[in-house]
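What follows draws every value from the coordinates through simple rules; no lab data is involved. Everything quoted here is computed from the prediction, not taken from an experiment. Cβ sites come from the backbone with ideal geometry, for glycine too, and all protein chains shown count toward neighbours.
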Amino acid sequence: MKHVAVLAAGVVAAACAYAKPNAPVEAQSAQSTPAAARTAVARAQFASDGKVARPTNWRRWVFVGTPLTPNGLNNGSAPFPEFHNVYVEPGAFDAYMATGKWPEGTQIAKELVLVRQNNNENIGATSEVSGRGYFQGEFQGLELAVKDTSRFATEPGGWAYFSFGHQPQPYAASAGAFPTEACNSCHETNAETDFVFTQFYPVLRDRK
């Protein structure tokens, strides 16, 4: 059983893609990964009409965090009231952690999840076994950000943003890009690192 526990811990550490302070020497962070050992960046797939294909296995990408701005803390109507589960394609994550720059072909997926409904209080929180707070409910949509300065040469930073639906699964198989003013301007003004809100994700800030 001891060997099984050690193996399980190693798998979890690899999936998180960074080492905890007390982790063994072997569990290195992506920041220290030699260039030759990094995962190649997997590029998004586009159809002839310019639509991007929904990525596969995005939940197996590197999970970096889950911001939440619930309705209950925003006068009942938050612009983005769901949990945002954010995943970075592993090759892009490795490159960013090693260089501090998002490489060409970066894909960042954001899956929307509703706040759990369970006799919610007026601020939207629920009381669960661990205490009062906000807990995840049902899936409610999937979005994707792609950096491709050749394909999106006229977009700020070469980034484009897509939505595969703002509803429960199944999500759409493909999506067209949002207009520039819908996403890019906010990211350009407020995101800390190359149109990405790294300031909200300690996993990404840790490379510094």
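For the pair Gln167 and Asn118, the difference between a 0.36 nm per residue extended length and the Cα-Cα distance amounts to 15.6 nm. Between Ser185 and Val129, the FRET efficiency from the beta-carbon distance, with R0 = 35 Å, is close to 0.25. Subtracting the Cα-Cα distance of Asn57 and Asn75 from 0.36 nm times their residue separation leaves 2.9 nm of extension gain. From the alpha carbon centroid of region 135-204 to that of region 50-82 is 10 Å. Counted residue by residue at 0.36 nm each, then reduced by the alpha carbon distance between them, the extension gain from Ser48 to Gln136 reaches 28.0 nm. Computed from label points 7 Å out along Cα-Cβ, the spacing between Phe178 and Ser150 is 2.6 nm.
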